[in-house]
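Take a look at the structure set out below.
The values are calculated or read from the model by the stated rules, or taken from the named source; none is laboratory data. Remember, it's a predicted structure, so these values are computed and weren't measured experimentally. All Cβ positions, even for glycine, are placed from backbone atoms using ideal geometry, and neighbour counts span all protein chains on display.
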Amino acid sequence: MKHISSLIFVCTIFVLLLPGRTAKAELWLSGRVVNGTDDGRAVGKQKVLLYESSSVANDQKPLSEATTDHKGTFRFRLADSLINGSFYPAIRFQQVDYHGQSFKLDQKESLLDDLVVYETTDSDANIAVSMQHVIITPGTDGLKIKDVYFVQNTGKRTFTGGEQVAADKFSTFSIPVPADAENVSVSGDLMSCCSVVKDGRLHETMPLKPGYRQEIVTYDQPVRDRSFVMNRHVVYPTAVLDILIPDSAVVVQAAGLVGMGTLNIKGLNYSHYKIEQIAAGTNLRISLAGLPGKPMDFKWPVLLVAGIIIMAFIAYGIWRRRQSEKPSPANIYANLPPSKVREVLLLRIASLDDLAADGKIEQEAYQSERARLKERILLLADLAAK
């Protein structure tokens with residue numbers, strides 16, 4: 001009997017140690033996919049992937065995958081070694097990627113928030129700007145402009161774009177960027193990989209899902225003068241546009257512009273202006289005057305003045321030379337015979353008499369000039385007699 005008991009004990013231990021029969025702890029993570037366009041209707045037969053939140057690689061592989069049932073429910077089974085890790089679910093629905101909230105797995109059975117997806121549209125009728133900040137910082141070489149847009153999709157469908165701006169890329173939102181803008185950069189929810197500059201506008205090409213996005217564009221605007229005009233075509237209805245300029249002597253003008261005083265942001269004072277309720281299609285003209293401009297470069301003015309002085313000396317020399325070559329009144333008739341000179345003098349006296357008769361010359365000047373001409377004729381007669 002003792003031997004039988006020992007045999008049973010050994011067999012039991014052997015069975016417990018057999019490969020594949022060891023009990024393994026498991027974690028379960030479940031959730032549901034719903035259609036936000038159709039008032040939360042369950043979305044079945046859709047593949048859901050689970051990713052680790054700490055991974056930043058673009059080509060990361062999913063930890064697990066599951067398929068939704070007719071109730072839209074999915075369930076991941078994970079190893080217990082992943083306890084206290086952070087994860088998020090992802091799904092591709094109608095060619096648009098959706099990510100759920102990051103979730104920390106801290107118990108064996110966890111329930112995720114609903115993963116909401118939307119049907120798509122190519123109409124931008126529900127795209128608007130709830131608020132826009134234009135921050136203008138003047139400098140000696142121009143302006144640094146920062147445009148901050150709070151973009152809103154008020155509908156229940158994801159906007160996938162209208163105008164095609166590149167191969168397989170469609171514009172879902174656009175921001176004006178001048179052709180001569182320099183050092184253009186994007187931030188916020190706007191990414192350089194998904195942005196295309198075309199026809200004076202920077203186009204966002206990522207789908208715009210229902211809700212809000214913050215899109216930021218920063219660039220340097222060269223300015224040649226102490227004034228500048230920003231011409232902007234407003235594509236989307238804008239509830240509020242704020243213009244902020246570091247407190248200075250810059251004067252801002254635009255249709256509908258209202259001065260809001262001074263606004264302090266992080267210890268820096270800004271002159272604050274506001275325009276409200278700008279309709280789509282408006283051509284907005286923002287005029288800036290009193291800009292710092294570039295510091296005076298005295299090199300060229302000095303060279304210009306020196307050049308003018310040199311040219312004046314040259315012109316004066318030419319004039320003096322021509323004056324010295326000009327014949328004096330005494331020798332005008334030097335090359336004419338006396339008879340011809342007398343004839344010319346008589347004609348001049350006759351012309352002088354006509355002027356006097358018509359009252360076109362003062363009597364004193366007339367008498368003086370006539371006497372001088374007669375004296376010249378008498379002198380010629382004396383010379384001829386000798």
message: Tell me whether segment 292-307 contains one or more residues that are within 30 Å of His233 (Cβ to Cβ), surrounded by 10 or more Cβ atoms within 10 Å (Cβ to Cβ) and at pLDDT 80 or above.
response: yes
statement: The condition from (1) of a type outside the set (Asp, Glu); (2) in a strand (DSSP E or B); (3) farther than 19 Å from Gly142 by Cβ; (4) modelled with pLDDT of 90 or more that Arg285 misses is numbered (3)
query: On the given criteria, is Asp114 charged (D, E, K, R) and under 30 Å from Val177 (Cβ atoms)?
result: no
task: Give the residues of segment 235-256 that are among the hydrophobic types (A, V, I, L, M, F, W, C), more than 26 Å from Asp141 (Cβ to Cβ) and either surrounded by fewer than 18 Cβ atoms within 10 Å (Cβ to Cβ) or in contact with a helix residue (DSSP H, G or I) (Cβ under 9 Å, 6 or more places away or on another chain) (or both), sorted by residue number.
output: Ala239, Val240, Ala255
task: Hey, could you check segment 308-335 for residues that are aromatic (Phe, Trp, Tyr) and assigned to a helix (DSSP H, G or I) and say which is modelled with the highest pLDDT?
output: Phe313
- prompt: Does Arg157 satisfy the condition of being farther than 22 Å from His233 by Cα, of a type in the set (Lys, Arg) and either surrounded by 14 or more Cβ atoms within 10 Å (Cβ to Cβ) or not assigned by TED's automatic domain parsing to the domain that holds Asn35 (or both)?
  reply: yes
- prompt: Of all residues in segment 114-138, which are surrounded by 16 or more Cβ atoms within 10 Å (Cβ to Cβ), among the hydrophobic types (A, V, I, L, M, F, W, C) and over 21 Å from the mean Cα position of the chain (by Cα)?
  reply: Leu115, Val116, Val117
message: Take the residues in segment 236-282 that are part of a loop (DSSP other than H, G, I, E, B) and over 30 Å from Ile127 (Cβ atoms); name whichever of them is nearest to the chain's Cα centre (by Cα).
response: Val250
message: Please determine whether any residue of segment 18-31 is hydroxyl-bearing (Ser, Thr, Tyr), surrounded by 14 or more Cβ atoms within 10 Å (Cβ to Cβ), over 20 Å from Gln95 (Cβ atoms) and modelled with pLDDT of 50 or more.
response: yes
Any pair with Cβ under 9 angstrom, 6 or more apart, that starts in segment 82-104 at a residue that is closer than 21 Å to Trp28 by Cβ and ends at one that is of a type in the set (Lys, Arg) and outside any strand (DSSP E or B): Ile83/Lys108
